[in-house]
Amino acid sequence: MTSFHDHDIMLTRYMIESKIGEPNYTGDSEEKVQYEWICETENGDVFTIYDWKEYRDYNEYTPIVWHIGGHSKGITEQALTELEQLFK
């Protein structure tokens with residue numbers, strides 16, 4: 001389990017899938033999380049990327065603020081840095 005430590009990133013689902021692949025979890029618009037990816041930093045620390053409480057249908061090209069979850073603020077900060085580089 002990961003948790004939110006005040007780090008997020010604006011991307012589309014298409015952008016994430018094109019670089020990271022299919023999500024590890026999918027739900028529907030009534031759930032708190034509709035899409036979630038489980039990833040690792042370059043150091044091997046686990047983090048997640050997920051939409052939080054969107055409660056709406058949206059397509060893969062809709063910009064979303066994705067939460068970055070981790071076991072500490074340092075991990076989510078590192079994950080954000082790596083994601084920003086990946087999507088630059």
What do you get for the angle between helix 73-86 and the principal long axis of the chain? Use alpha-carbon atoms, 0 to 90 degrees, nearest ten.
70 degrees
Per the 1/(1 + (r/R0)^6) rule, R0 = 30 Å and r from the Cβ atoms of Ser18 and His71, FRET efficiency to 0.05 is 0.65
Reachable aspartates and glutamates from Lys53, Cα under 18 Å, same-chain residues fewer than 8 places away excluded?
Asp6, Asp8, Asp28, Glu30, Glu31, Glu36
In terms of Cα to Cα distance under 24 Å, which lysines are near enough to Lys88, apart from those fewer than 8 places away along the same chain?
Lys19, Lys73
Expressed in nm to one decimal, what extension gain is obtained for the pair Leu86 and Glu31 from 0.36 nm per residue of sequence separation less their Cα-Cα distance?
17.0 nm
Averaging sequence separations of C-alpha pairs under 8 Å and six or more residues apart, then dividing by the length of the chain, give the relative contact order as a whole percent.
38 percent
Given (i) 201; (ii) 180; (iii) 85 as candidate values of volume of the Cα convex hull per residue in Å³, which corresponds to the one derived from the coordinates?
(iii)
Can you list residues whose amide H is under 5 Å from Tyr25's amide H, if they're 5+ apart or on another chain and H is modeled 1.01 Å from N?
Glu36
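Computed from the coordinates by the stated procedures, all read-outs in this text should not be read as laboratory data. As the structure is a prediction and not an experimental result, all values here were calculated from the model. Note: ideal-geometry Cβ built from the backbone for every residue, glycine included; neighbour counts use all protein chains shown.
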